[in-house]
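*Asks:* The structure's right below; bear with me while I get my questions together.
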């Protein structure tokens, strides 16, 4: 159930503009969902995020919606769920959670900035220098995404571990 609640938090955090807080819960929530739920259920957070993409594009930013501009993003949502299943379903460790957060944020940075460079005519020249400029412009967003994903994934996977460990140690203590 917690995977669904965390996914809902990710969708809400994605859909509600919050320029005052550079935090995203999308990557961490998808990673956790993949680790805790069957892969076929991944369609639910992907669909919810797709709806929020539509809402943001048309209602918040007032742009026309073009499905082809989002296919790569939606594929990335699904890929992060698969990454969570592969990396964290059977064994959770600090190194695996950190690797998942790093792979999630880095893949989004690479994929999304390349898509902007390739699909937005006039925004960046379609040259190597234009691609480098596009990636450079995305670095502050990458930093924020990496920190957000690491915090959310660290809490989602770490808090239950430490609570279980604390509960086990309390059970071992003799009652006085």
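The values are calculated or read from the model by the stated rules, or taken from the named source; none is laboratory data. The structure displayed is predicted, hence computed values, not measured ones. Every residue, glycine as well, gets a Cβ built from its backbone with ideal geometry; the counts of neighbours run over all protein chains shown.
*Asks:* Please enumerate the residues belonging to region 90-127 that are closer than 19 Å to residue 41 by Cβ and at pLDDT 95 or above.
*Replies:* Of everything in region 90-127, those that are closer than 19 Å to residue 41 by Cβ and at pLDDT 95 or above turn out to be 100, 104.
*Asks:* Say we look at region 62-98 and pick out the residues that are touching a helix residue (DSSP H, G or I) at 6+ places or on another chain (Cβ under 6 Å) and farther than 20 Å from residue 3 by Cβ; which of these is surrounded by the most Cβ atoms within 10 Å (Cβ to Cβ)?
*Replies:* Ranking the candidates gives 70 first.
*Asks:* Further, regarding this structure: Identify the residue in region 67-85 that is closer than 15 Å to residue 54 by Cβ and assigned to a helix (DSSP H, G or I) and, among all such residues, is nearest to the chain's Cα centre (by Cα). Steps first, answer last, please.
*Replies:* Taking region 67-85 as the starting set, the residues that turn out to be closer than 15 Å to residue 54 by Cβ are 67-71, 73-74, 77.
Those still in the list that are assigned to a helix (DSSP H, G or I) too: 67-69, 71, 73-74, 77.
Working: 67: 20, 68: 21, 69: 18, 71: 16, 73: 11, 74: 11, 77: 7 Å.
Only one residue tops the list, namely 77.
*Asks:* While we're here: Checking residue 168 against (1) modelled with pLDDT under 85; (2) surrounded by 10 or more Cβ atoms within 10 Å (Cβ to Cβ), which test does it fail?
*Replies:* (2)
*Asks:* Continuing with this model, one more query. So, in region 147-160, exactly how many residues are in contact with a helix residue (DSSP H, G or I) (Cβ under 9 Å, 6 or more places away or on another chain) and surrounded by fewer than 19 Cβ atoms within 10 Å (Cβ to Cβ)?
*Replies:* Taking region 147-160 as the starting set, the residues that turn out to be in contact with a helix residue (DSSP H, G or I) (Cβ under 9 Å, 6 or more places away or on another chain) are 147-158, 160.
With the extra rule that they be surrounded by fewer than 19 Cβ atoms within 10 Å (Cβ to Cβ), the set shrinks to 147, 151, 154-155, 158, 160.
The total comes to 6.
*Asks:* Next question. Restricting to region 13-29, name every residue that is touching a helix residue (DSSP H, G or I) at 6+ places or on another chain (Cβ under 8 Å) and more than 22 Å from residue 102 (Cβ to Cβ). Explain how you work it out, then say what you get.
*Replies:* If we filter region 13-29 for residues that are touching a helix residue (DSSP H, G or I) at 6+ places or on another chain (Cβ under 8 Å), which is where we start, we get 13-15, 17, 22-29.
Correct list: 15, 17.
*Asks:* For region 156-172, give me each residue that is free of Cβ contacts under 8 Å to residues at least 24 places away in the same chain and either within 14 Å of the chain's Cα centre (by Cα) or over 14 Å from residue 97 (Cβ atoms) (or both).
*Replies:* 163, 164, 165, 166, 167, 168, 169, 170, 171, 172
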